[in-house]
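Beneath this line is the structure, given in structure tokens, with notes to follow.
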Amino acid sequence: TKEPETTLLITRALNSEIGTQTLIPDRFLAGLLPTSLVEKYVFWQSEDDSVTGYEKVQEQTPDSLNEEEDSSEKPSTRLVIKLAKGENYDESGFCNSSAEALIQRIPVLSSNQETLDSDPNRPVMTLLNVLSAAPFTILKRVGMLLSRLDNLSNVLVWSASSVQSAHSPGSIDYIELPRVNLSFKAKTVESIEGKEEHRLYSNDHDGLFISTSNEARDIAERLLGSIPHFIVLQNAENDLFVLIPGCALPRRLHIDGSHLSVQVILDRRNQEWIDNIGEVRCYLYPVHTSRAFLVTPSLASSMYLMVMYFITGSYQNVYKMVESCVSENLNPEEKQIFDQLEFLGNDYHPDAHACRLKLSVVTVGLGGDESMRCPWSVMEEMEEYCKKHPFISSACRLTTEEELLLLQLCTPTSRDRLSLTLLNRKAYVTAVSSLAKLPEDKSLTVKLGVEQMPRFENFDGEPDLTIVNNPKKTTLSSKIFGAAYTR
């Protein structure tokens, strides 16, 4: 057993009405409350065992010090957690008691912790528990849908209805995803057929709401392939949009190496990746009216979708998008997305070589800028491309001009020279490119090199049959044949 260590118990008494409060460290609430709430609030437990969460005070910067408005007077919110204890009450103090919590968010006029001045213009919200919801209920289905965008610990489903206990039903009125900077509000609208529909409208994308039709989902899955983390939005004109969170660092799952894995691992807690994205942490892709392809509104969204296609093995989509993913200057968000291609260098699929070479072609004219320097050897990729050329799909094959350019970029070291595979390919492609200038009555012959069998000067030309014809003349066989046994 581990020896007990010295602990510090922090209590305070702001006023007689609130009484004595005990500070609850964040680590004690891990797994009990959503992570987004633990990171936003500081929790104090009162003498009646209720817990109050106060919004954390942001660190003041030199610019904020010049502001005349006092931060304590700004509107804020407060969490009030009421515990309903179970029957088995643990009096030993080892935290073995069971309880259910009713979490309510109360809007207040100021962040002064000594007073509780409720804001009458904003409703009191009650947090709904997605994990304890019954299967196939609306709450459970909404929670599982939004878990595509972020972990459930960062998905907050609020209800404005009066909820009396932890298991009391409540309407879904407001949804927050703090880490993705998204929020949705429930509205009841009348459809064209005159029926009332309950929709979740996005507060960040005007006029768009979450689509629940099977047709919209099938269209998105057909366009995205094996990309798992997305939801479909639509507007009143039935235009479709695919929403993908960009604050998740995508990686390919590495297995034993017996076969290529196209399973995606999303690192949603990489703070460096999140900080480079900025305030807008989702990519919105409009679906073309033909329902045949997605429209990429920015360079970062195009590069992120290309990387996701590469990870999931949709090489033909990667090949189509390469030319739209090039820029001379990359910002930190675009640079970190492009750097993920380095971790896909172990993909030896024939089409993967073609996609990497295509990207090398379109980045040739960017000069000395290293922001889009491809992290692979053009000569090695070109040799693999030539060897696997019969297996490369027609949609991913390079043109004659692109192959000639890549062959010119294949610069061996001073000690090495181009392999016979590349020399033959260069001779063949050069001949093909000159066919347009060749008269119709003329033909062209291409001489290709053939690898010769290695020669060894000291290697015997005839088989050595000494041990077969006269085994006693060899040293080893004489010992074997001369062995005797006596008792």
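The values are calculated or read from the model by the stated rules, or taken from the named source; none is laboratory data. Just so it is clear, the model here is predicted, and its values are computed rather than measured. Methodologically, a virtual Cβ is constructed for each residue, glycine included, from the backbone with ideal geometry; neighbour enumeration extends over all protein chains shown. Surface areas here come from the heavy atoms of the whole protein model, side chains and all, with no ligands, DNA or RNA. Shrake-Rupley method; radii C 1.70, N 1.55, O 1.52, S 1.80 Å.
Restricting to the range 398-417, name every residue that is open to solvent by less than 90 Å² (accessible area, probe 1.4 Å) and not hydroxyl-bearing (Ser, Thr, Tyr).
Those that are open to solvent by less than 90 Å² (accessible area, probe 1.4 Å) and not hydroxyl-bearing (Ser, Thr, Tyr): 398, 402, 403, 404, 405, 406, 407, 409, 410, 412.
Residue 96 versus (1) in contact with an Asp or Glu (Cβ under 9 Å, 6 or more places away or on another chain); (2) part of a loop (DSSP other than H, G, I, E, B); (3) open to solvent by less than 70 Å² (accessible area, probe 1.4 Å): which is the lone unmet condition?
All conditions are met except number (3).
Within the range 169-187, identify whether any single residue is over 27 Å from residue 107 (Cα atoms), modelled with pLDDT under 95 and out of contact with any Lys or Arg (no Cβ under 9 Å at 6 or more places or on another chain), and answer yes or no.
Within the range 169-187 (the criterion being over 27 Å from residue 107 (Cα atoms), modelled with pLDDT under 95 and out of contact with any Lys or Arg (no Cβ under 9 Å at 6 or more places or on another chain)), the answer is no, since none of the residues qualifies.
Please name all residue pairs, on different chains or six or more residues apart, with Cβ atoms under 9 Å, provided the first residue is in the range 177-188 and is touching a residue at least 24 places away in the same chain (Cβ under 8 Å) and the second residue is among the aromatic types (Phe, Trp, Tyr) and surrounded by 17 or more Cβ atoms within 10 Å (Cβ to Cβ).
177/184; 184/174; 184/201; 184/209
If I filter the range 147-175 down to residues being in contact with a helix residue (DSSP H, G or I) (Cβ under 8 Å, 6 or more places away or on another chain) and of a type in the set (A, V, I, L, M, F, W, C), which single residue comes out as nearest to residue 203 (Cα to Cα)?
Per the stated criteria, the residue is 175.
When the range 423-438 is examined, which residues are found to be open to solvent by 70 Å² or more (accessible area, probe 1.4 Å) and either farther than 19 Å from residue 399 by Cα or touching an Asp or Glu at 6+ places or on another chain (Cβ under 9 Å) (or both)?
Within the range 423-438, just 426 meets the criteria.
Going through the range 429-452 one residue at a time, which ones are part of a helix (DSSP H, G or I) and of a type in the set (Val, Ile, Thr)?
Matches in the range 429-452: 429, 430, 432.
Need the failing condition index for residue 242 against (1) in contact with a helix residue (DSSP H, G or I) (Cβ under 6 Å, 6 or more places away or on another chain); (2) open to solvent by 70 Å² or more (accessible area, probe 1.4 Å), just the number.
Result: residue 242 fails condition (2) only.
Could you say whether any residue in the range 136-154 is surrounded by fewer than 16 Cβ atoms within 10 Å (Cβ to Cβ) and of a type in the set (Phe, Trp, Tyr)?
Scanning the range 136-154 turns up at least one residue that is surrounded by fewer than 16 Cβ atoms within 10 Å (Cβ to Cβ) and of a type in the set (Phe, Trp, Tyr).
If residue 223 satisfies every condition in (1) over 20 Å from residue 297 (Cα atoms); (2) touching a strand residue (DSSP E or B) at 6+ places or on another chain (Cβ under 6 Å); (3) of a type in the set (A, V, I, L, M) but one, which is the exception?
Result: residue 223 fails condition (1) only.
Is it the case that the range 6-15 has a residue that's under 21 Å from residue 115 (Cβ atoms), modelled with pLDDT of 75 or more, basic (Lys, Arg) and in contact with a Leu (Cβ under 8 Å, 6 or more places away or on another chain)?
Yes, that holds for at least one residue.
Scanning for something of a type in the set (A, V, I, L, M, F, W, C) and open to solvent by 40 Å² or more (accessible area, probe 1.4 Å), does the range 163-183 turn up at least one residue?
Checking the range 163-183: at least one residue is of a type in the set (A, V, I, L, M, F, W, C) and open to solvent by 40 Å² or more (accessible area, probe 1.4 Å).
Six or more apart or on different chains, Cβ atoms under 6 Å: show the pairs whose first residue is in the range 200-224 and more than 26 Å from residue 178 (Cβ to Cβ) and whose second is open to solvent by 80 Å² or more (accessible area, probe 1.4 Å) and part of a strand (DSSP E or B).
none
Kindly indicate the residue of the range 269-291 that is in contact (Cβ under 8 Å) with a residue 60 or more places away in the chain and not in a helix (DSSP H, G or I) and also surrounded by the fewest Cβ atoms within 10 Å (Cβ to Cβ) among those meeting that condition.
Filtering the range 269-291 for residues that are in contact (Cβ under 8 Å) with a residue 60 or more places away in the chain and not in a helix (DSSP H, G or I), the one surrounded by the fewest Cβ atoms within 10 Å (Cβ to Cβ) comes out as 279.
Quick one: which of 100, 87, 47 is at pLDDT below 90 and either among the basic types (Lys, Arg) or more than 24 Å from residue 156 (Cα to Cα) (or both)?
Of 100, 87, 47, the one residue that is at pLDDT below 90 and either among the basic types (Lys, Arg) or more than 24 Å from residue 156 (Cα to Cα) (or both) is 87.
For the range 370-428, which residues satisfy the criterion of being modelled with pLDDT of 90 or more, among the charged types (D, E, K, R) and either within 26 Å of residue 327 (Cβ to Cβ) or assigned to a helix (DSSP H, G or I) (or both)?
380, 381, 383, 384, 387, 397, 401, 402, 403, 425, 426
Tell me, please, whether a residue that is closer than 22 Å to residue 125 by Cβ, in contact (Cβ under 8 Å) with a residue 24 or more places away in the chain and polar (S, T, N, Q) can be found in the range 6-21.
No, the range 6-21 contains no residue that is closer than 22 Å to residue 125 by Cβ, in contact (Cβ under 8 Å) with a residue 24 or more places away in the chain and polar (S, T, N, Q).
Which of the numbered conditions does residue 420 fail, given that it passes all the others? Conditions: (1) surrounded by 15 or more Cβ atoms within 10 Å (Cβ to Cβ); (2) more than 28 Å from residue 316 (Cα to Cα); (3) of a type outside the set (D, E, K, R).
All conditions are met except number (1).
Given the options 325, 355, 386, name the one that is touching a residue at least 24 places away in the same chain (Cβ under 8 Å) and under 24 Å from residue 254 (Cβ atoms).
Just one listed residue meets the conditions, 355.
Collect the residues in the range 70-84 that are at pLDDT 75 or above, open to solvent by less than 70 Å² (accessible area, probe 1.4 Å) and not β-branched (Val, Ile, Thr), keeping them in residue-number order.
Matches in the range 70-84: 76, 78, 79, 84.
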